[in-house]
Protein chains: 2
Amino acid sequence: MTADGAPGQVLSIDAMGGDAGVAVTIEAVRLYLARDPDVRLLLFGDTAAMRQAIGDRPLPHDRIELCHAEQVVTMEDSAALALRTKKRSSMRLAIEAVKEGRADACVSAGNTGALMATSRFVLKTVAGIDRPAIAAMIPALGGHTLMLDLGANVDSSAEHLYQFATMGSILARAIDGPSRPDGWLPRVALLNIGSEDIKGNEQVKQAVPLLQGSALNYVGFAEGHEIYTEQVDVVVCDGFVGNVSLKTSEGVARMVSHYLREEFTRSWWNKLVGLLARPVLMSFRSRIDPRQYNGASLVGLRGVVVKSHGGADAIAFANAIRIAQLAASNRVPDMIARQLAATLDAA
Amino acid sequence: MTADGAPGQVLSIDAMGGDAGVAVTIEAVRLYLARDPDVRLLLFGDTAAMRQAIGDRPLPHDRIELCHAEQVVTMEDSAALALRTKKRSSMRLAIEAVKEGRADACVSAGNTGALMATSRFVLKTVAGIDRPAIAAMIPALGGHTLMLDLGANVDSSAEHLYQFATMGSILARAIDGPSRPDGWLPRVALLNIGSEDIKGNEQVKQAVPLLQGSALNYVGFAEGHEIYTEQVDVVVCDGFVGNVSLKTSEGVARMVSHYLREEFTRSWWNKLVGLLARPVLMSFRSRIDPRQYNGASLVGLRGVVVKSHGGADAIAFANAIRIAQLAASNRVPDMIARQLAATLDAA
């Protein structure tokens, strides 16, 4: 077990988080272990419940460890309450395993507010970062785009936007670097508006010189629709804007799916055509399948913490584990700390 | 010709605006005149070009008037340049027709910045409004949602958000009122984020008491995905956020369409299935057809001005004319001025 990116990584899993709880996380663990032969997993939760979920299909005992946690953070718990009263929860213990060096990264599908607050409290943020940002991959034509912040920081200053850009660039390199040429630097863009003679708000305007003067591959502004193109690799924005943009996208995708389903079930003829078109439609759906984009990183912490969607199924949760593994093996927190320290020194 | 909502309304059309120019606007005029038997149209532009576009299919001469304009505002003209040097442009003259009471509303597919600046200069804003907001209908499950501001005002204060809510409510009533029960009050929501323990930015928080204390049907916060549901009729947000949200939606819709097309042309079998599914797919497309949502209102002016998308075709442009007609016949600017004056008096 090492924390230096060599084979033999250990990841800690909050097995109790998410709407479907332990059944989904155990199934995700099964999928992930089959996919990645090198990693070991510490599973935090109610051991009886975990054993029941494992049932008569045992997991390789040399690659998992069941770690008992008497408490569970619920979706209704406030961040403050979870922090104060749930010190023996599966979430807290999974994060503490990272702090103590027993794990290289943590994954949880639990309550976002509690995960954020507990991660900050236990792991602390890197120097110069007040509050971590939330970063996630979203589907784009011909690939995907990393976007941040997705809702942790509202009223972000120009300095915050610059930090998001730095953190996003490092994370995108960790996730996509393996499939790119050596020395690949993600193209970083600032989310802005262009429809009017007013271009951008104050924070965006002030962030431009910071980005232009940085070592990042800053490529200028991106408008909302460009998130979904191949033009950029990282899109940086205030958390309010990012969250609205992400949720808006989900709303559009859901409306489109709903109408498509409705049209293909409107009459017996349409249903027949739908049956014929099923493989085509399935292939279409797989290309925008949100499960392959599951796993939002809490960047800016002194450790890797990945949030899986509360409603994630096993395939989606397994993807969040993959994101955590990539961030940990590329030592994203160290890289962020180093790059921000260099900036602070230069200032 | 009256400006009081009675039959016999007159609308002024900037016939030269938009990417395709006069060919599209003349065809749109033809479509619109067939649909609405009461309205008369003043068409501003190069009369020779307009006559050529009309060709040998004459428009009813008692319902249109060709008004010559020597100049055209181009898409490249800055707002300041258009305002200073294009005083005889089709856009400027169409707006002036509203100012002079010769028309009840104006429609242009020209340069948004120039249209905004010229409208403000010629028509002025109603008392208490510094800069008009841009409002448009967007498709939602089972109907549509009016959203504003879509990019005219960035860094909007709580007071601005309150004004957007008031203007949006009045405009939504003008457009949708005819198909609703008497006394229908649109449900107005503030766009916000809910994923974190931080709820909203400062402006949104401060706008809540203003909206709660108003005569509007304020229903609370909406998250990004709720724009696309039946939960709300009007969604209010800062222009930066609204523009990003709108453009993001366009990006998602375009990506989805692209993938759908790609899947249905991937092989000869898929193409065959696509041919069979064509009527179903066409019906699906028609439900999210952006043309039926074309026509963004510049609200807060002392007159009705509607912006058609630069790339609009005749069907889309005709829809923008319909939006202008509804706003004018419901005297939206008067209603806005009255409601805002009442608020100012009460303060």
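Each value in this text was obtained by applying a stated rule to the coordinates, not by laboratory testing. Please read these numbers as outputs of a predicted model, since none were measured by experiment. Ideal geometry is used to build each Cβ from the backbone, glycine not excepted, and the neighbour counts take in all protein chains shown.
Using only the Cα atoms of the stretch A:1-150, build the gyration tensor, take square roots of its eigenvalues as a ≥ b ≥ c, and label the shape rounded, prolate or oblate: rounded if a/c is under 1.5, else prolate if a/b is larger than b/c, else oblate. Here the stretch A:1-150 falls in the rounded category.
Dipole magnitude for chain A: about 680 debye, using +1 per Lys or Arg Cβ and -1 per Asp or Glu Cβ, origin at the Cα centre. Computed from the Cβ-Cβ distance with R0 of 51 Å, the FRET efficiency linking A:Trp184 to B:Ser78 stands at 0.85. Only aspartates and glutamates eight or more places from B:Lys271 in sequence, or on another chain, were considered; those with a Cα closer than 20 Å are A:Glu263, B:Glu262, B:Glu263. Full extension of the chain between A:His258 and A:Thr47 gives 72.0 nm of extra length, using 0.36 nm per residue less the Cα-Cα distance. When only C-alpha pairs under 8 Å and at least 6 residues apart count, what is the relative contact order of chain B, in percent? Reported relative contact order: 23 percent. Across the identical copies, the label point of B:Leu275 (7 Å from Cα in the Cβ direction) is separated from its matches by 2.1 nm, in order from shortest. Note on the stretch B:269-347 and the stretch B:190-265: Cα centroid distance 17 Å, given to the nearest whole angstrom.
With the simple model of a label 7 Å out from the Cα in the direction of the Cβ, B:Trp269 to A:Ile315 spans 2.0 nm. Cross-link partners of B:Lys99 among lysines, defined as those whose alpha carbon lies under 22 angstrom from its own and excluding same-chain residues fewer than eight positions apart: B:Lys86, B:Lys87, B:Lys124, B:Lys307.
Over the stretch A:176-258, the ratio between the Cα radius of gyration and 2.2 N^0.38 Å evaluates to 1.24. Full extension of the segment from B:Met282 to B:Ala127, taken as 0.36 nm per residue of separation minus the current Cα-Cα distance, would add 51.2 nm.
Diagonalising the gyration tensor over the Cα atoms of chain B and scaling each eigenvalue by 5 before taking the square root yields semi-axes of 31, 29, 19 Å, largest first. May I have the pair-distance distribution P(r) for the stretch A:270-328, computed from all Cα-Cα distances with 10 Å bins from 0 and rounded to whole percent? With a bin width of 10 Å, the distribution comes to 23, 35, 22, 14, 6, 1. Within straight-line reach of B:Lys199, meaning a Cα separation under 13 Å, sit the following aspartates and glutamates at least 8 residues removed in sequence or on another chain: A:Asp155, B:Glu223. Dividing the summed -39500 (n - 2.57) terms of all DSSP H runs of n ≥ 4 by the residue count of chain B sets its mean residue ellipticity at 222 nm at -14000 deg cm²/dmol. Label-point spacing for B:Gly143 across the identical copies (point 7 Å from Cα in the Cβ direction), in nm and ascending order: 4.2. For the stretch A:315-344, the residues whose amide N sits under 16 Å from a probe point set 7 Å from the Cα of A:Glu159 along the beta carbon direction are A:340-344.
Note that the stretch B:243-253 has calculated 3J(HN,Hα) couplings of 5, 4, 4, 5, 5, 4, 4, 4, x, 5, 4 Hz, one per residue in order, obtained from phi through the Karplus relation 6.51 cos²θ - 1.76 cosθ + 1.60 (θ = phi - 60°); glycine and proline are x.
Between identical copies, the spacing of A:Asp182 label points, each set 7 Å from Cα toward the C-beta atom, reads 8.0 nm from nearest to farthest. Name the residue from B:Ala135, B:Gly168, B:Ser283 whose Cα lies farthest towards the positive end of the charge dipole of chain B, charges +1 on Cβ of Lys and Arg and -1 on Cβ of Asp and Glu. The one lying farthest along the dipole's positive direction is B:Ser283. Checking every one of the GluC sites (Glu not before Pro) in the stretch B:65-105 against DSSP loop status and a limit of 15 other Cβ atoms within 10 Å picks out B:Glu70, B:Glu76, B:Glu100. At an R0 of 41 angstrom, the distance between the Cβ atoms of B:Phe221 and A:His61 translates into a FRET efficiency of 0.25. Note on the protein assembly as shown: percent of Cα-Cα distances in each 20 Å bin, starting at 0 and stopping at the bin with the largest distance, equals 17, 45, 30, 8, 0.
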